[in-house]
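The values are calculated or read from the model by the stated rules, or taken from the named source; none is laboratory data. Treat the numbers as computed from the prediction; the structure is a model and nothing was measured. Note that we place each Cβ from the backbone using ideal geometry, even for glycine, and neighbour counts take in every protein chain shown.
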Amino acid sequence: MPGYLIANLEVTDPAKFEEYRQKVVPVIEKFGGRYLVRGGELRRLEGNLPLSRLVILEFPTLDAAQKFYDSAEYAPLLKLRLDSTRSDLVLAQAYWG
């Protein structure tokens, strides 16, 4: 069952964030991940959730998403992202009813 990494990012250092964007894709792919949403237009329909830049990654499983996040390969990129954004991140498991 797929697992999703959902991030709401506010970019605070565009140059560092661009470096992150350029380096992170191969690491995501190594753990079987792929982008479903990567920035783009947001249309608020209800509520006041403070969304800025929404990113949704799909991984084969929730464990694969966790392994990506905890990996040695992602660690230096995580630091780069934390240094260049204010972030809210969650992992969520798919639902098959």
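For the reader, a short list of remarks on this structure follows.
Here is a yes/no grid of residues against (1) outside any loop (DSSP other than H, G, I, E, B); (2) within 21 Å of Y69 (Cα to Cα); (3) aromatic (F, W, Y); (4) at pLDDT 95 or above:
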{"residue": "A15", "(1), (2), (3), (4)": "yes, no, no, yes"}
{"residue": "E19", "(1), (2), (3), (4)": "yes, yes, no, yes"}
{"residue": "V27", "(1), (2), (3), (4)": "yes, yes, no, yes"}
{"residue": "L42", "(1), (2), (3), (4)": "no, no, no, no"}
{"residue": "G47", "(1), (2), (3), (4)": "no, no, no, no"}
{"residue": "L57", "(1), (2), (3), (4)": "yes, yes, no, yes"}
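- Some residue of region 67-82 being of a type in the set (S, T, N, Q), assigned to a strand (DSSP E or B) and in contact (Cβ under 8 Å) with a residue 40 or more places away in the chain: no
- Hits in region 47-66 - residues which are of a type in the set (F, W, Y) and either touching an Asp or Glu at 6+ places or on another chain (Cβ under 7 Å) or free of Cβ contacts under 8 Å to residues at least 24 places away in the same chain (or both): none
- Set V37, V90: member being in contact with a Phe, Trp or Tyr (Cβ under 9 Å, 6 or more places away or on another chain), β-branched (V, I, T) and modelled with pLDDT of 95 or more: V90
- In the set (1) closer than 20 Å to T12 by Cβ; (2) exposed (fewer than 14 other Cβ atoms within 10 Å of the Cβ), the condition left unmet by G97 is number (1).
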